[in-house]
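Q: So that we are looking at the same thing, I have put the structure below in structure tokens.
The values are calculated or read from the model by the stated rules, or taken from the named source; none is laboratory data. Model, not experiment: these values are computed from the prediction. Here the Cβ positions follow ideal geometry from the backbone for every residue, glycine too, while neighbour counts run over all protein chains shown. Heads up: the accessible areas ignore ligands, DNA and RNA and are worked out on the full protein's heavy atoms, side chains in. Shrake-Rupley method; radii C 1.70, N 1.55, O 1.52, S 1.80 Å.
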Amino acid sequence: MPPPPFTTRDRPMSTLLALDASSSACSAALWHDGEVTARFVVAPREHTRRLLPMARELLAEAGLPLSALDALAYGRGPGSFTGLRIAAGAAQGLAYGLERPLLGVSTLAALALAAHRRLHLRHVLPALDARMGEVYAAAYHCEAGRVTLIGEEAVLPPERLTLPLGQEERDWVGVGSGWALWDVMPAPLQAGVGQCLVDEEPGAEAMVRLAAEAFAAGEGEAPHRVQPVYLRDQVAWKKSR
Amino acid sequence: MRVLGIETSCDETGVALYDTEHGLLADALFSQVAMHADYGGVVPELASRDHTRKLLPLVDEVLAEANLTRGDLDGIAYTAGPGLAGALMVGAATAHGLALALERPVLGVHHMEGHLLAPMLEDEPPAFPFVALLVSGGHTQLVEVQGIGRYQLLGESVDDAAGEAFDKAAKMLGLDYPGGPRVAKLAEQGDPKRLRFPRPMTDRPGLDFSFSGLKTHTLTTLRAFEAEGPLDDQARADIARAFEEAVVDTLVIKCRRALDQTGLKRLVVAGGVSANVRLRERLEHECAKRDARAYYPRGRFCTDNGAMIAYVGAQRLLAGERDEPGVFAARPRWPMDTLTPPETN
């Protein structure tokens, strides 16, 4: 499908809804021609009761029917496995029912954008506590509201986190729950990270911004094709024969 | 009323379309059994991941089979429990997203009520009231069914489910998961007279079951054979036969008691183990003796499926039951006797 027209301020003219349940928080956000409204609650174990009602509230407040949505998005991970599937299922069901494309937004990219918008810094290292002695992590360059992944998202022990090769001199900011493991992180990494936003959780607000931009660039797929990204794929061991 | 049914409580993704006027329109199933076989049993996280991949393509499949579009759906039903929490969540979330988009009512239904009423999808459904034996890898229950939502638990397993016992026996005999059909196949070669295993909890009144002792007895017997030398194929077959006979005999004795106790003449047998040939033969024989009749769902509705969920959902949605829009919950443990008839809601 052709990308929708842009306004003079380069804000995609479109209407998108994003859902996220990837952490102990859950959130929904509505993008309507560049205006963003959002709901965010920290409500562990209540995602299934809060997520879709928040989305309905946002649409009702904006005076928009669901059919006004051009596309849907959700926090595709990494994060809590069950949370990812709650958001995936709800967003897939909505997109399928409305016959609209779906976009999966990285929770790490969302954290990077949130940090960038908060501190206006350009080099961001999001890290989420993945439990079992590991973090989900990635590195981003952020500029003018856009985030670019450097290298790949990964799951690894915090002891093995490094700054992107050749970029050790930059002033990095850490964001996300993974940075609570600061004490075990290697000294060279600590030396390159000026500050940490440990309390920042992935949220639908940043996701809907990233999704609107991606949608304007022509992204978005049939809902069943947009699967969660768990990063941790070794979850069971085959029996030996 | 055309209802989409979604089943994701364990290791099968099931989707079906049921029409309250025209009956079952379409059903589709994706079984993960082969995937879990590599791990020797169901891995919940892998099951959940696979449901997320398979569910919408199956919805597409049943709509295409029925020559309908998503807008033709009048309601959506999903399994809310009991089952694996993470797996249930996939069906619940997707059903609610879809219902919101289509502005249709949605309802979470009880998985075991689905199994109980699965024979209603057949051409000659049983009339109410009847006794139902639900026997699968997760459940062994005897239920008196007076009508939809009017269930009285007569007895259940106090430990392992019968299907679980089959799987464990299979493992001991070196057979792959799922073990039920493999034990039954091996038992065909067994000598029924060589060994006799105990029939747990049949020597006293009551309708409860216990199968964990049988598991121990199987192990002890195996060890005794192995102490005398390598286990030959005939010995394995004889053990399988004795094990199957004990499980089947126990189930038959309790069914007979349940029919006596209730005075009912109709017996519904559902769940994965109801596919066991020996069990069916014995129950047929038992029913014939007392002028009773046994009813079974067709083969593919004995195990988990979307059709039974669509059927139950349709009955209850038609009566006006529904979830609050956008608000769902998985109920991994959901006692069946808390269900009520659709009319009173």
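Q: Between residue A:56 and residue A:33, how high is the FRET efficiency from 1/(1 + (r/R0)^6) when r is the Cβ-Cβ distance and R₀ = 22 Å? Nearest 0.05.
A: Details: r = 20 Å, r/R0 = 0.91.
So the FRET efficiency works out to roughly 0.65.
Q: Same structure again: Calculate, in whole percent, how much of the Cα-Cα pair population of the protein assembly as shown lies beyond 30 Å. If you can, show how the numbers build up before the last one.
A: Values: 98340 of 171405 pairs.
Roughly 57 percent, rounded to a whole number.
Q: According to a simple spin-label model (label point 7 Å from Cα along Cα-to-Cβ), what is the distance in nm between residue B:72 and residue B:293?
A: With each label placed 7 Å out from Cα toward Cβ, I get 3.3 nm.
Q: Taking a quarter of the surface of the Cα convex hull of the range A:1-140, what do you get in nm²? Don't skip to the answer; put the middle values down first.
A: On the way: hull surface 37.8 nm².
Projected area, direction-averaged: 9.4 nm².
Q: Helix-derived [θ] at 222 nm for chain B: sum -39500 (n - 2.57) over DSSP H runs of at least 4, divide by residue count, nearest 500? Write down the numbers at each step before the final one.
A: Details: 11 runs with 147 residues, N = 345.
Estimated from H runs of four or more residues: -13500 deg cm²/dmol.
Q: Please find the FRET efficiency linking residue B:318 to residue A:49, where r is the Cβ-Cβ separation and R0 is fixed at 30 Å, and quote it to the nearest 0.05.
A: Numbers: r = 26 Å, r/R0 = 0.86.
Efficiency computed from Cβ-Cβ geometry: 0.70.
Q: How much accessible area is lost when chains A and B come together, counting both sides, with a 1.4 Å probe, in Å² rounded to the nearest 100?
A: Working: alone 12260 and 14780 Å², together 23990 Å².
Chains A and B together bury roughly 3100 Å² of accessible area.
Q: Counting only protein heavy atoms, probe 1.4 Å: which residues of the range A:85-124 lose 30 Å² or more of accessible surface in the full assembly compared with their chain by itself?
A: SASA drop of 30 Å² or more in the range A:85-124: A:85, A:86, A:89, A:92, A:93, A:94, A:96, A:97, A:99.
Q: Take every Cα pair under 8 Å in the range A:76-126 that's 6+ residues apart, average their separations, divide by the length, and report that relative contact order as a whole percent. Write out the running numbers ahead of the final one.
A: Values: 31 pairs, mean separation 17.6, N = 51.
Worked out over the range A:76-126, it gives 35 percent.
Q: Additional query: Roll a 1.4 angstrom probe over the protein heavy atoms and tell me the percent of accessible area of the range A:151-220 that is carbon or sulfur. Each step should come with its number before you reach the end.
A: On the way: 1630 of 3370 Å².
Within the range A:151-220, the accessible surface is 48 percent carbon and sulfur.
Q: Next up: Heavy atoms only, probe 1.4 Å: what % of the accessible area of the range B:182-225 goes to carbon and sulfur, would you let me know? Provide the component values of the computation, followed by the final result.
A: Values: 1330 of 2560 Å².
About 52 percent, which is the carbon plus sulfur part of the accessible surface.
Q: A further question on this structure: If you take the Cα atoms of the range B:175-313, find Rg, then find the Kirkwood Rh from the mean of 1/r over all pairs, what is Rg/Rh?
A: On the way: Rg = 16.8 Å, Rh = 16.6 Å.
On the Cα set of the range B:175-313, Rg over Rh gives 1.01.
Q: I'd like the projected area of chain A, averaged over all directions, using the convex hull of its alpha carbons. Report it in nm² with one decimal.
A: Values: hull surface 59.8 nm².
Projected area, direction-averaged: 14.9 nm².
Q: Please list, by residue number, every one of the GluC sites (Glu not before Pro) in the range A:38-75 that is coil in DSSP and has at most 15 other beta-carbon atoms within 10 Å. Can you show the working numbers first?
A: On the way: sites: A:46, A:57, A:61; in loops: A:46.
Those that pass, being in a loop and sparsely packed, are A:46.
Q: I need the per residue convex hull volume for chain B, using only the alpha carbons, in cubic angstrom as a whole number. Let's see the in-between values first.
A: Numbers: hull volume 44.2 nm³, N = 345.
Taking only Cα atoms, chain B has a hull volume of 128 Å³ per residue.
Q: Pick out, in residue order, every one of the GluC sites (Glu not before Pro) in the range A:107-169 that is DSSP loop and has at most 12 other C-beta atoms within 10 Å; say none if there are none.
A: Qualifying residues, ordered by number: A:169.
Q: Ok, one more. Solvent-accessible area per residue for the range B:251-345 at a 1.4 Å probe radius, Å²? Walk me through the numbers on the way to the answer.
A: On the way: 4230 Å² over 95 residues.
Normalised by residue count, the accessible surface of the range B:251-345 is 45 Å².
Q: Of the candidates A:187, A:109, A:25, which one comes out as most mobile in a Gaussian network treatment of chain A with C-alpha springs shorter than 10 Å?
A: Top of the fluctuation ranking is A:187.
Q: Let me ask another. Could you work out how much longer the chain between residue B:227 and residue B:34 gets when fully extended? Use 0.36 nm per residue separation minus the Cα distance between them, nm to one decimal. Can you show the working numbers first?
A: On the way: separation 193, 0.36 × 193 = 69.48 nm, distance 3.39 nm.
Length gained, residue B:227 through residue B:34: 66.1 nm.
Q: Okay, next question. Using θ = phi - 60° and the Karplus curve 6.51 cos²θ - 1.76 cosθ + 1.60, what whole-Hz ³J(HN,Hα) does each residue of the range B:225-240 get, with Gly and Pro shown as x?
A: Computed from phi, the couplings for the range B:225-240 are 5, 5, 5, 9, x, x, 6, 8, 4, 5, 5, 4, 5, 5, 5, 4 Hz.
Q: Then there's this: For the range B:3-100, run through the GluC sites (Glu not before Pro) and keep only the ones in DSSP coil with at most 10 other Cβ atoms within 10 Å of their Cβ. The partial results should precede the final answer.
A: Values: sites: B:7, B:12, B:21, B:45, B:61, B:65; in loops: B:21.
For GluC sites (Glu not before Pro) across the range B:3-100 that sit outside H, G, I, E and B with at most 10 neighbouring Cβ atoms in 10 Å, the list reads B:21.
Q: Starting from the Cα coordinates of the range B:249-318, work out the convex hull volume and express it per residue in Å³. Please report the intermediate quantities before stating the final value.
A: On the way: hull volume 7.0 nm³, N = 70.
Dividing the Cα hull volume of the range B:249-318 by its residue count gives 101 Å³.
Q: What residues of the range A:28-69 lose no less than 50 Å² of accessible area with every protein chain in place versus their chain by itself (probe 1.4 Å, heavy atoms only)?
A: Those are A:48, A:49, A:52, A:56, which lose 50 Å² or more relative to the chain on its own.
Q: Only counting protein heavy atoms at a 1.4 Å probe, give the residues of the range B:87-121, ordered by number, whose accessible area falls by 30 Å² or more when the other protein chains are present relative to the chain alone.
A: For the range B:87-121, once contacts with the other chains are taken into account, B:89, B:93, B:94, B:97, B:98, B:100, B:101 lose 30 Å² or more.
Q: Considering only protein heavy atoms and a probe of 1.4 Å, how much of the accessible area of the range B:227-266 is carbon and sulfur, as a whole percent? Let's see the in-between values first.
A: On the way: 680 of 1600 Å².
Summing carbon and sulfur atoms, their accessible area is 42 percent of the total for the range B:227-266.
Q: Return the single residue from A:138, A:62, A:71 with maximal mean-square fluctuation; model: Gaussian network over chain A, springs between Cα atoms under 10 Å.
A: Maximum fluctuation in the GNM of chain A, among the listed residues, is at A:62.
Q: Could I ask something else about it? Kindly report the accessible area of the range B:1-70 per residue (heavy atoms of protein chains, probe 1.4 Å, no ligands, DNA or RNA), in Å². Please list the in-between numbers first.
A: Values: 2390 Å² over 70 residues.
Heavy-atom SASA per residue in the range B:1-70 reads 34 Å².
Q: Further question: Using the scaling law 2.2 N^0.38 Å as the reference, what is the normalised Cα Rg of the range B:40-103? Kindly include the intermediate steps, with their values, before the conclusion.
A: Numbers: Rg = 13.1 Å, N = 64, 2.2 N^0.38 = 10.7 Å.
Scaled against compact globular proteins, the figure is 1.22.
Q: Per 5 Å bin, what is the whole-percent P(r) computed from every C-alpha pair distance within the range B:241-283?
A: Percent of pairs per bin, in order: 5, 21, 31, 24, 13, 4, 1.
Q: Moving on. Going 7 Å from the Cα of residue B:189 along its beta-carbon direction, which residues of the range B:236-255 have the amide nitrogen within less than 14 Å of the resulting point?
A: Correct set: B:236-241.
Q: Hey, what did chain A get for relative contact order, percent, Cα under 8 Å, at least 6 apart?
A: Relative contact order here is 24 percent.
Q: Using DSSP, restrict attention to beta bridges with both residues in chain B and report what percent are antiparallel, rounded to the nearest 5.
A: On the way: 26 of 43 bridges.
Antiparallel bridges make up about 60 percent of those DSSP assigns within chain B.
Q: May I ask you to give the average projected area over all directions of the convex hull of the Cα atoms of the range B:138-181, in nm² rounded to one decimal?
A: Across all orientations, the range B:138-181 yields a mean hull projection of 3.9 nm².
Q: Moving on to the next point. Averaged per residue, what accessible area in Å² does the range B:106-223 show with a 1.4 Å probe, protein chains only? Numbers along the way, then the final one.
A: Numbers: 4860 Å² over 118 residues.
Per residue, the range B:106-223 has 41 Å² of solvent-accessible surface.
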